[in-house]
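The values are calculated or read from the model by the stated rules, or taken from the named source; none is laboratory data. The structure displayed is predicted, hence computed values, not measured ones. Positions of Cβ are generated from backbone atoms using ideal geometry, with glycine treated the same way; all protein chains shown enter the neighbour counts.
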Amino acid sequence: MRTALKTCKSCTGEDYAGEFTAEVTVQDAPRVGDDALSFRTASPMSEGTVMHREYVVVITGSAVATFPKLEADRNARFPGLSSSARWTA
């Protein structure tokens, strides 16, 4: 996934509202687990709003956890999430 995100600038798909094209932006990932990555997508919707999605993927051992966040017409980050954040279990 990390390799694909280095060259991926957009993606296309279809959801309940129809076809869409989303801009992909890689972000600094939190320093958690054995590895982690973070990226955002932004896709215009038919009524003029923009759907923002943020994904954080954390790998620990053989477990993979994904944390999605979706917001229409608002470009906010996960609360308290920054590249310097450190979480412990």
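May I ask you to list the residues in the range 36-51 that are in contact (Cβ under 8 Å) with a residue 12 or more places away in the chain and either loosely packed, with under 14 Cβ neighbours inside 10 Å or in a loop (DSSP other than H, G, I, E, B) (or both)? Selection gives Pro44, Met45, Ser46, Thr49.
Consider Ala29 carefully, then state whether it is assigned to a strand (DSSP E or B) and under 16 Å from the mean Cα position of the chain (by Cα).
Details: assigned to a strand (DSSP E or B): no; under 16 Å from the mean Cα position of the chain (by Cα): yes.
So Ala29 does not fit the description; no.
Of the residues making up the range 1-34, those that are over 15 Å from Val50 (Cβ atoms) and polar (S, T, N, Q) are Thr3, Thr7, Thr12, Gln27.
Of everything in the range 30-89 that is within 21 Å of Gly13 (Cβ to Cβ) and acidic (Asp, Glu), the residue that is modelled with the lowest pLDDT is Asp73. Taking (1) touching a strand residue (DSSP E or B) at 6+ places or on another chain (Cβ under 8 Å); (2) within 27 Å of Ser62 (Cβ to Cβ); (3) exposed (fewer than 11 other Cβ atoms within 10 Å of the Cβ) in turn, Gly33 satisfies each apart from (3).
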